[in-house]
Amino acid sequence: MQHKDQELRARADRAIQEYQNVVESDPYRLHYHVMPPVGLLNDPNGLIHWNGTYHLFFQWMPFRTGHGAKFWGHYTSEDLIHWKWEPIALTPSDWYDKDGCYSGSAVEDEGQLKLLYTGNVKNEQGERETYQCLATSQDGVHFSKKGVVFELPQGYTPHFRDPKVWKHDDHWYMVIGAQKEQEGTYKGCAVLCQSTDLSEWTFLGELAASGSDSVGDLGYMWECPDLFHLDGKDILLFSPQGLEPQGMKYHNVYQTGYMLGKVHLDQVHFEHGDFQELDRGFEFYAPQTTLDDKGRRILFGWVGVPDQNEESHPTRAYQWIHNMSIPRQLHVVDGQLVQTPVEEMKRLRQHNVHIPHVRLAHERKQWEDVKGQAIELLLNIEALSDDAIFEMNIRQHARFIYQSKERRLTLERHSFAHGRTESRSCRLSELKSLHLFLDTSCLEVFVNGGEEVFTSRIFPYPEEESIVFAVRGEAQIDLKKWDLQATRE
Ligand code: FRU
């Protein structure tokens with residue numbers, strides 16, 4: 001619907017114009033993370049490296065800082081670091097996507113950039129309908145909708161969305177997040193479809209499902225599945241809803257993780273190991289990956305979790321909410337996904353400070369030059385006594401604590417919802433390094449070269465920039481710090 005589309009674009013552009021100054025005046029506005037120009041950002045969509053340019057689309061609600069009928073916002077980049085705002089890719093303007101152009105992916109086909117996404121519809125009875133839709137583009141900027149290419153198959157509820165598409169041999173495949181009803185309860189699952197032309201799809205079956213023998217109980221809905229091959233393994237990455245906390249695991253409202261194994265597309269079968277959480281922090285959800293021209297498997301995640309205190313985010317007062325993670329490269333090491341910041345992040349470094357090989361024993365320590373709001377810190381732990389408790393206090397607001405004896409690493413922060421301290425933990429075999437990317441109100445920490453990652457929002461007093469170390473027992477550390485250049489004015 002041409003008219004509706006134009007009207008929605010004009011309204012969204014007006015929202016940007018109207019609130020740009022307000023968003024820009026927020027002290028918590030990010031310096032180098034992708035964030036919305038106004039309104040709410042959630043899942044990364046359509047991530048692709050096409051004709052030498054990275055395209056990052058995202059779920060976007062321009063009119064308020066809550067969820068609703070989503071648009072696809074669009075950024076492009078030559079280097080994964082500096083992002084250019086592009087015309088809106090998709091608006092919820094048609095009968096089949098009127099309540100949201102929900103998540104999906106991008107592929108290259110016959111020289112065109114093609115998007116597959118979910119059209120979300122609430123019908124007159126207030127019931128949900130779901131349609132998998134196609135949109136195509138010659139130039140990667142202007143998209144033309146081709147309508148519905150796949151409808152809800154029998155046996156699934158309308159919680160059926162977020163197609164991730166790839167090509168294998170002569171066929172296209174698409175994995176979709178789904179829900180089915182079994183013995184009176186809802187089970188999350190990932191289903192597989194096949195096509196020769198992206199326009200007509202055949203349902204093949206389920207790749208994995210909660211409640212099955214191999215998966216066990218794993219929630220009532222799986223969102224944003226992604227299936228890819230990396231370092232000799234096949235990986236199904238997805239965001240299940242409905243898991244209960246278990247020891248140190250699953251403390252966010254919804255989870256994100258993966259199962260690693262071998263996929264047999266012809267038999268619609270995925271042989272896999274256990275579900276493993278991808279991130280240990282407070283906010284991380286719905287990540288998506290792509291293979292770039294350099295052969296790297298790149299991942300972006302949403303630094304947010306649906307329904308998790310979203311109404312309490314301080315940035316809402318400035319008309320925006322949520323951001324993307326920094327781009328990360330994935331690898332499989334010893335049967336586990338390892339995430340590292342992409343090389344390109346180094347280009348933002350300036351003003352290096354190096355504190356080499358310092359011994360700390362039963363003391364608190366702070367260095368004049370080691371502080372800031374938008375910085376990178378690389379801390380190597382060269383030695384740690386068996387009884388040591390090592391702490392790193394970030395801007396008097398969040399704190400990493402490593403307890404040698406228990407081999408437990410904990411991130412604590414002041415909750416932005418209730419002001420009390422809350423924590424997330426994981427077990428390590430030892431603590432070797434902490435690599436921090438701090439950006440006004442976002443913290444990403446890669447532990448032991450990316451074996452574990454903690455991603456979280458933090459809202460310290462903007463002028464409080466201190467980093468303080470404290471050691472009970474003994475430690476030797478090597479510390480490097482850089483200021484990180486802002487990638488936006
Ligand atoms: C995940 C999700 C997706 C959906 C989109 C809607 O955060 O709920 O399943 O497509 O967000 O914005």
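Data table
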quantity: Residue list for segment 121-165, restricted to those being more than 28 Å from T76 (Cα to Cα), open to solvent by less than 40 Å² (accessible area, probe 1.4 Å) and within 27 Å of the chain's Cα centre (by Cα); calculated: V121, T130, F150, Y156, T157, F160
quantity: Search result, residues across segment 207-234 that are under 26 Å from G46 (Cα atoms) and of a type in the set (A, V, I, L, M, F, W, C); calculated: L207, A208, A209, M221, W222, C224, L227, F228, L230
quantity: Residues (open to solvent by 40 Å² or more (accessible area, probe 1.4 Å), within 21 Å of V148 (Cα to Cα) and not acidic (D, E)) located in segment 180-220; calculated: Q194, T196, S199, T202, F203, L204
quantity: Contacts under 8 angstrom Cβ, first residue in segment 293-316 being without any contact (Cβ under 8 Å) to a residue 40 or more places away in the chain and of a type in the set (V, I, T), partner within 16 Å of the ligand (Cβ to nearest atom) and part of a strand (DSSP E or B), 6 or more apart; calculated: none
quantity: Residue, nearest to the ligand (Cβ to nearest atom), within segment 66-85, restricted to residues that are surrounded by 17 or more Cβ atoms within 10 Å (Cβ to Cβ) and assigned to a loop (DSSP other than H, G, I, E, B); calculated: K70
quantity: Qualifying residue in segment 417-440 (condition: modelled with pLDDT under 95, small (G, A, S) and either crowded, with 21+ Cβ neighbours inside 10 Å or farther than 29 Å from L330 by Cβ (or both)); calculated: yes
quantity: Single residue of segment 423-454 satisfying the filter (more than 13 Å from I394 (Cα to Cα) and small (G, A, S)) that is nearest to the chain's Cα centre (by Cα); calculated: G450
quantity: Filter result for the condition that a residue is within 22 Å of K481 (Cα to Cα), open to solvent by less than 20 Å² (accessible area, probe 1.4 Å) and either within 16 Å of the ligand (Cβ to nearest atom) or at pLDDT 95 or above (or both), over E343, E376; calculated: E376
quantity: Candidates Q319, Q350, filtered to the one that is closer than 29 Å to Y75 by Cβ and surrounded by 15 or more Cβ atoms within 10 Å (Cβ to Cβ); calculated: Q319
quantity: Residue list for segment 307-327, filter: in contact with a helix residue (DSSP H, G or I) (Cβ under 8 Å, 6 or more places away or on another chain), more than 28 Å from P245 (Cα to Cα) and outside any loop (DSSP other than H, G, I, E, B); calculated: Y318, W320
quantity: Answer residue from segment 284-306, given it is within 12 Å of the ligand (Cβ to nearest atom) and assigned to a loop (DSSP other than H, G, I, E, B) and is surrounded by the most Cβ atoms within 10 Å (Cβ to Cβ) among those; calculated: F284
quantity: Qualifying residue in segment 454-463 (condition: among the small types (G, A, S) and open to solvent by 20 Å² or more (accessible area, probe 1.4 Å)); calculated: no
quantity: Filter result (in contact with a Cys (Cβ under 7 Å, 6 or more places away or on another chain), more than 13 Å from the ligand (Cβ to nearest atom) and charged (D, E, K, R)) within segment 146-182; calculated: K180
quantity: Near pairs, Cβ below 9 angstrom, 6+ apart or cross-chain, from segment 216-242 (without any contact (Cβ under 8 Å) to a residue 12 or more places away in the chain and on the phi > 0 side of the Ramachandran plot) to any residue that is of a type in the set (A, V, I, L, M) and buried (at least 24 other Cβ atoms within 10 Å of the Cβ); calculated: none
quantity: Some residue of segment 17-38 being open to solvent by 20 Å² or more (accessible area, probe 1.4 Å), touching a Pro at 6+ places or on another chain (Cβ under 9 Å) and assigned to a helix (DSSP H, G or I); calculated: yes
quantity: Count of residues meeting criterion [among the hydrophobic types (A, V, I, L, M, F, W, C) and within 13 Å of the ligand (Cβ to nearest atom)] in segment 40-65; calculated: 6
quantity: Candidate set: segment 464-478, residues that are open to solvent by less than 10 Å² (accessible area, probe 1.4 Å) and hydrophobic (A, V, I, L, M, F, W, C); chosen: the one farthest from D26 (Cα to Cα); calculated: A475
quantity: Residue ID - nearest to the ligand (Cβ to nearest atom), chosen from residues in segment 99-120 that are open to solvent by 10 Å² or more (accessible area, probe 1.4 Å) and outside any strand (DSSP E or B); calculated: D99
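The values are calculated or read from the model by the stated rules, or taken from the named source; none is laboratory data. Keep in mind that this is a model prediction, so the values were computed, not measured. Every residue, glycine as well, gets a Cβ built from its backbone with ideal geometry; the counts of neighbours run over all protein chains shown. Only protein heavy atoms, including side chains, enter the accessible area calculation; ligands, DNA and RNA are left aside. Shrake-Rupley method; radii C 1.70, N 1.55, O 1.52, S 1.80 Å.
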